[in-house]
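Each remark here refers to the structure printed beneath this line.
What follows is calculated from the coordinates using simple rules that are stated; it is not laboratory data. Computed from a prediction, not measured in an experiment: that's the story for all the values here. Neighbour counts run over all protein chains shown; Cβ positions are idealised from the backbone, glycine included.
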Amino acid sequence: MSTLSIKNLSFSYPKSSPQLDRIDLSYSSGKTAILGPNGAGKTTLISLLATALTPRQGTIQLTTDVLKYSSKELRAFRQQVAWLPQDFSPVAGLSVLEHVTYSAWLKGASRKAAKAAAPIALERVGLSEMSKHKATALSGGQQRRLGIAGALAHDAAVILLDEPTAGLDPNQRDKFQKILNDIDPQKIVLVSTHQTEDIDGTFDSVFVLDQGRQKFHGSTADFMELGGFTEDDPRDRIRTAYGQLVSGEH
Amino acid sequence: MLPIANRPALWLLPVFLVIAFVYLGSYTELDLVLGNPDAAVSGASSTLLFSCLLASICAAIESSRERNSRGVTEVTSRGYLYRILDRLWPSVLSATIIQIVMVVYLVVSSRQTPEPKLWLVVLGYLLAIMAHSAFGYFLGQWFPGRFAVPFALVLSYLFLAFTGASGYFPAHYLSGMTLNGCCMAAQSLDYRGVWTLIVFSSLATLGFLTLASNNNPFPKKKTAGQTAPRKYAFGASVLVLALTAGLFISRDFDGIAVVNDETKRFTCTGTSPQVCLNDVQRFGGDRSELVAQSVRELSEIGFPKAKRVTAELDHDVRLAETGELVTSFEPWYTDEQVVYAASSSYSAEIINHLCENDDFDKQYEAFEILQDWSTNYALHKVLGSNAEITDEALRSKSFEQQRRWALNAYQQLSRCEVPALPKGL
C-alpha cells in the first residue's frame, strides 16, 4: 500500500500572493474530497501533486521517496499518479480506445500491457461501446470518463481528479459517482469539488482549503460533526460544516 | 505507440511524392547526371523543398495535437525523446522516403554506382529533414495549430527557397538545396558544403527540440507548467551556434560547392594531339578522336598545333607556353557539342585571358566572330555541317580571306591587340 504525504507545501506564482500556504496532509488509501471556494487553491494543490507545477517550498512524498524533481524521479513518481485536470481535453486524431492505450503507455505501461488494460478501463467507465469513436468527438462528460479510463488503465496508486463533475448534468454526475465508488478502496483518490451533496457515502475523508490555507483535514464523520446533530439531514450538516469552515468560524 | 492510421504524414506522403517527381521531371535534365553519381546524389537536393516541407508541416500538425490536449501529455512517465520519437517518426520517415526515392531515381539515371563517401550527402538530407521536423514540432508547441501549420509551411519554404537566393554565398549551404549545382564531369562535390548541412541541421534540430521541450511562453493555460529560462537560453544559443558553425564551414564558398577533381583519373589517348578525358567523360563511349580531329582541322589551316587537349577544368594554361588546349567535355554532349567545344578551345583560351582595356567591347566582338567562324569551320570539316557564318561581312569574303582574318584575329587577340573587324576590311 502506498502513502502520499505532503509537508509544509507552499506555492505562489511569481509576484503574486501564495496560492497555497504550508499545507500538510497524509493518506495511505481511500477517497478524499478537497473542498473550498473558487480560488481556494484546490486546482493548485492537485496540479502540484500531479507534478504539473513545482512547489516553492515543502515536500511531496510517495511511500518512502521524497520527490526531488529530477527527470528520473519525476518519471517514476508520475508512473504512480494519474491526473484528470478540470479542463481535460483528449489528443486529436485518436479513437477512444487508442486514447486510453496511449495514456497508459505515456504513464509507463508497456505497449502490450496498455493494449490489454485499455478495453477493461473503458468497460469500467462505460465507454466500451464508443471505443471506435474519435476521442475529440465525445461530449464533455464522456471526455472526463475517458480521462478517468486513462487513469485506471495504468493502475496508478494515486488518482487526482480536479472538479470532475463540474458542469455535468445529473445523469452524467450519477455515472461519475458510480465510477468513483467502484475504484479500488486501496488506492488514494483525491477529488476536488464544489459539490458537497455527494460527500457522505462516497468519501472517507475531507480536506478543506480556503485562500490557500488548510482549514480542515480529517474523516468525513469528523467533518460532519462540525455541522450539527447526527439526527439532522447529512447534507445539511455537510453544508453547515463547510459554510462554517470557509467563513472562518472554526 | 501512436497508431499510424491517422498520422498526417501517411496521407500527405503520396501527394508530396507525386509533386516531387513532377518537379524533378520538369526541372532536372537527366542527361546531366549521366555517368556522374556526384551530380546524381547532389541533384536530389532540389527535392528537399518538398521533403522538408512535408516534415515541417506534419510535425506542426502532430505537435498541435499534443498542445491542444490537456491532462494527457504534460505529466508523462515517458522521457521527452521517447515521446517526440513516437510523435515525429512518421513525419521524418515520409520525408526520408521522398528524398531516398529521388536519390535512387537519379543514381539509377546516372548508370553509375556512387562512391561510399556520397552517403554523407544522404545523411545531410536526413538531418535537414530532422531539422525541419524539429522546427515544425517547436512551432506546434509554441503556437496554436491554426498558426503553427501555416507558419511551418511558409517559414520552411522561405528558408529553403531563399537561402539559395541570398547574395551571401555561405548562406546557400545551410539549407542544402544548392548542392544540386554539383557537378560537371571534371568536378567533384566539395564536401565542405555537405558538412555545412550536416553541422547546421544537427545543431538546429537540437536547438528547436530544446525550445519545444520547454513550456512555451504563450501557454494555453497558466497551470500547464513552469518554464525554465535556462532552456530558452540553451535552445537559442544552440541555434546561434548552428548558424555560426554553418556559415564558418562554408565561408570560402562561391555559388556552387564543387572542386576541380584531381582524383578522377584523366586518361590520355592519341598523339596528334593527345586527348585527356576522365572516366566520367568517357562514360558511354570514348569520343576523344572527335576532339582530336576538331582541333587538328583548325591547326591544319594555321592555328597553333596543340600537343595535348585536356578537359580538366580550371587548368590555367596557355597554348603558346605549354602546348596544351583546355576544352570542356560532358558525357551527355552530342557529337556537334563535342566538336563545338573542342574547336572553340582556341577562342576560349583567349576569352579566359582577354585583356581589359578601353577597347574591350571591340575585342569581344572580334572574339565572338572568331569563335563563330572557327566552330563553323570545324563542324563543317568534321561532321559535314553546313551552318552559315553569322557575320555577314566575313561570310561575303572568300574562304582564304576568312581564314586569314581568323588567324590574324586570333594572334592579335592573343597579344592583347584589337583586330580590325571584317566589315572594316
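Things to note:
- Volume per residue of the convex hull around the Cα atoms, evaluated for chain B, comes out as 166 Å³.
- Cβ crowding within 10 Å ranks A:Lys31, A:Lys134 as A:Lys134, A:Lys31, fewest other Cβ atoms first.
- Packing here is the average count of other Cβ atoms within 10 Å per residue, and on that basis the peptides B:289-297, A:50-58, B:161-169, highest first, run B:289-297, A:50-58, B:161-169.
- Proximal lysines relative to A:Lys68, as straight alpha-carbon distance under 18 Å, when same-chain residues fewer than 8 apart are discounted: A:Lys7
- Modelled spin labels at B:Cys268 and B:Ser398, positioned 7 Å past Cα toward Cβ, are 4.0 nm from each other.
- R0 of 45 Å, Cβ-Cβ distance A:Ile183-B:Phe234: FRET efficiency to nearest 0.05: 0.60
- Legend: mean number of C-beta atoms from other chains within 10 angstrom of residue C-beta atoms, peptide A:42-53, equals 3.
- With a simple spin-label model that places each label point 7 Å from the Cα along the Cα-to-Cβ direction, the separation between B:Gln411 and B:Glu368 comes to 2.6 nm.
- Equivalent-ellipsoid semi-axes for segment B:133-174 (Cα gyration tensor, √(5λ), whole Å, largest first): 25, 10, 6.
- Partners for B:Lys381 among lysines (Cα-Cα distance below 20 Å; same-chain residues under 8 apart left out): B:Lys305, B:Lys397
- Convex hull volume of segment B:8-259 per residue (C-alpha atoms, cubic angstrom): 118
- Efficiency of FRET between A:Glu73 and A:Lys112 - r from beta-carbon atoms, R0 30 angstrom, step 0.05: 0.70
- Normalised by 2.2 N^0.38 Å, where N is the number of residues, the C-alpha radius of gyration of segment B:347-425 stands at 1.07.
- Note on B:Leu158 and A:Glu225: with the Förster distance fixed at 56 Å, the Cβ-Cβ geometry gives a FRET efficiency of about 0.20.
- Residue with peak Gaussian network fluctuation, chain B [Cα springs, cutoff 10 Å], from B:Ile100, B:Ile129, B:Ile351: B:Ile351
- At least 24 Å along the helix axis (C-alpha) and Kyte average at least 1.6, DSSP helices within chain B: B:8-27, B:145-163
- With eigenvalues of the C-alpha gyration tensor scaled by 5 and rooted, segment B:266-424, Å: 26, 18, 13
- Sorted from greatest to least, the principal axis extents spanned by the alpha carbons of segment B:8-154 come out as 57, 29, 20 Å.
- Proximal lysines to A:Lys112, defined as alpha-carbon separation beneath 24 angstrom and excluding residues fewer than eight positions away on the same chain: A:Lys72, A:Lys132, A:Lys134, A:Lys187
- The order of the peptides B:332-344, B:395-407 by mean Cβ neighbours within 10 Å, most packed first, is B:332-344, B:395-407.
- Kirkwood Rh, angstrom, the protein assembly as shown [1 / mean 1/r, Cα pairs]: 30.6
- Seen against the Cα atoms of chain A and their longest principal axis, helix A:234-246 is set at about 70 degrees.
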